[in-house]
1. Rg/Rh for chain A: what does it come to with C-alpha atoms and Rh from Kirkwood?
2. Round to the nearest 0.05 the FRET efficiency obtained for B:L295 and B:T40 when R0 = 35 Å and r is the Cβ-Cβ distance.
3. Return P(r) of the range B:124-245 (all Cα-Cα pairs; 5 Å bins starting at 0; whole %; ordered from short to long distances).
4. Other chains near A:102-114: what is the mean number of their Cβ atoms within 10 Å of each residue's Cβ?
5. Once Lys and Arg get +1 and Asp and Glu get -1 on their Cβ, which of B:Q150, B:F84, B:L103 lies farthest toward the positive end of the dipole of the range B:80-177?
6. To the nearest 10 degrees, how steep is helix B:41-77 against the longest Cα principal axis of chain B, on a 0 to 90 scale?
7. Can you list the lysines whose alpha carbon sits under 26 Å from that of B:K123, skipping same-chain ones fewer than 8 residues off?
8. From the alpha carbon gyration tensor of the range B:80-177, can you work out the equivalent ellipsoid semi-axes (sqrt of 5 times each eigenvalue) and give them in Å, largest to smallest?
Amino acid sequence: MIQFNNVSKTYPGGFLALKNVSFSIAPGEMAFLTGHSGAGKSTLLKLMSMMEKPSAGSIEINGTELATIQYQQIPYVRRGIGMIFQNHNLLLDRTVFDNVALPLIIEGYSHKETRKRVEAALDKVHLSSKLKCFPYMLSGGEQQRVGIARAIVNKPPILLADEPTGNLDPKLSLDIIRLFEEFNDMGVSVLIATHDLGLIARMKYRTLTLKQGHMITDGVVDGLKAGATDAN
Amino acid sequence: MQTNYSRQSHHQLGWTGRITARVIRHLQQAIGSLGDLWRTPFTSVMTVLVLGISLTLPATLHLFVKNTEAVTQQWQSASEITLFLKLSTSEQAAQNLVQRIALYPEVENVVYISAQQALAEFKVNSGFGQALEYLTQNPLPATILVTPNQRFSQTQAAHELLLKLEQERNVEQGKLDLEWLTRLEAMAALIEDVVIAIAVLLCLSVVLIIGNTIRLAILNQKDAIAVMKLVGATDSFIQRPFLYAGVWYGVLGGFVASLCVAILANYLSGALRQLTDLYQSQFTLAGLSLAEMLLLQLTAIALGLLGSYISVRQHIRAIEPTAD
């Protein structure tokens, strides 16, 4: 599903963001990705979503080797990945319905099917009543859930979340993680990048820890302990 | 297992359903782009006016050339070849020549003026009637006025006919006074070239103006474009509304240009009528025909589309999503 083989990324100017990172996420697996700021979490997610290209190594997503695909194929690969961001990345001039419907409209679903799926996705994140609202009318947690609804509306096999609970209180953070668990139960692979060590400790999932571009731990560990180790 | 992502789609529509969905999506994007223009009225109106006025100038100059050609056509059609016969030509030989020339396929009409008729006319018109009484013999030759048909009334063809007629045995000299017409034609051709040059420059400016307007629209929606790319939108999906915006600019600009040309033609035809009345001329200013208006409209649309296409090709690909 997700396969990294000795992936390195060096930015122009020589900054080494990732060094020989290898791991794989199996279909239906849920994992956390953690590390300090600058550890390489965002770079790793950018590589998966093809916002960046690796300097070395190979990345395979849903069976496609990313190094070999052409520019025109990138959108089709991205459709197989649901992406969730800390800042939600919603279109502010469109309603909740239109935001969530966007991936379906892009893929050419019929109006009827789009409506059905959007309503189902919003129901899943408990936002059915906010269909006609604009993002600025929603709280941070609600906006995040709209982002999640948009990410799962076309039923991608992979969900990537970059600090999805970054601006939320602990209660809302847990609600969001519970949502990811529900999708994971349905067979979706989920990778959540976060530096919320408390959250990781509570969830007891496999955790990949990055430090200065290196993968230093990979496994189900005590989140607090791993974080403490990582921090030092 | 390798997954083929090209044209991958998760929905279960048949090909007719897919075509219908595609058509509906195009319509939605076309109407949506019109809505975008509506939401930025000042920019849209200014762009449409610039496009319309830019196209009005070459279209008006085209009208000028077209009407000039119509005028010269009228004069050319009225052109005649005058054949002066040798003084020694007998009346019978002259009549034979007239009959022979009348059979030329290039000739529309032949009028014979005998030497006596010519002298009589000269007496009446010249005012030397009394003086001419003293001449012992008629100094004027018999004359044949040849009117070429429509096809041979053009300068070059008329010249060729003149040369042919001058080969006739009894013809002393032929005359085709078309030099002034040649000059006029040369001027009209020059004006036509100037019109083409101005039209090309104005069309280029229209493309640049539309391109710049679309560029600004793309930059305004940079964040939205980045989000669309993140959720799997292709460049063609993203660029479509901008291309439709270019088409709308063309449609509206073309309409403005047609309207401006019609108003200008109407305004000028009044002044022209006063002028032509002074010369007892029947000339009326021709406006744009339906085909020409359609061509103007299509040109405007093509320019709008070209401007927006150049802009989207250059700018949409450059926008890449960021995780920030």
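1. Working: Rg = 17.5 Å, Rh = 18.1 Å.
Here Rg/Rh amounts to 0.97.
2. Values: r = 29 Å, r/R0 = 0.83.
That pair, B:L295 with B:T40, gives E of 0.75.
3. 2, 7, 9, 9, 7, 7, 7, 6, 5, 5, 5, 5, 5, 5, 4, 3, 3, 2, 2, 1, 1, 0
4. Counting Cβ atoms of other protein chains within 10 Å of each residue's Cβ and averaging gives 6.
5. Of the candidates, B:L103 comes out farthest on the positive side.
6. Between the helix axis and the principal axis of chain B, the angle is about 20 degrees.
7. B:K86, B:K175
8. The three semi-axes for the range B:80-177 are 27, 15, 11 Å.
Bear in mind that the values in this text are calculations on the coordinates, not laboratory data. This one's a predicted model, so the numbers in the text were calculated from it and none came from an experiment. Methodologically, a virtual Cβ is constructed for each residue, glycine included, from the backbone with ideal geometry; neighbour enumeration extends over all protein chains shown.
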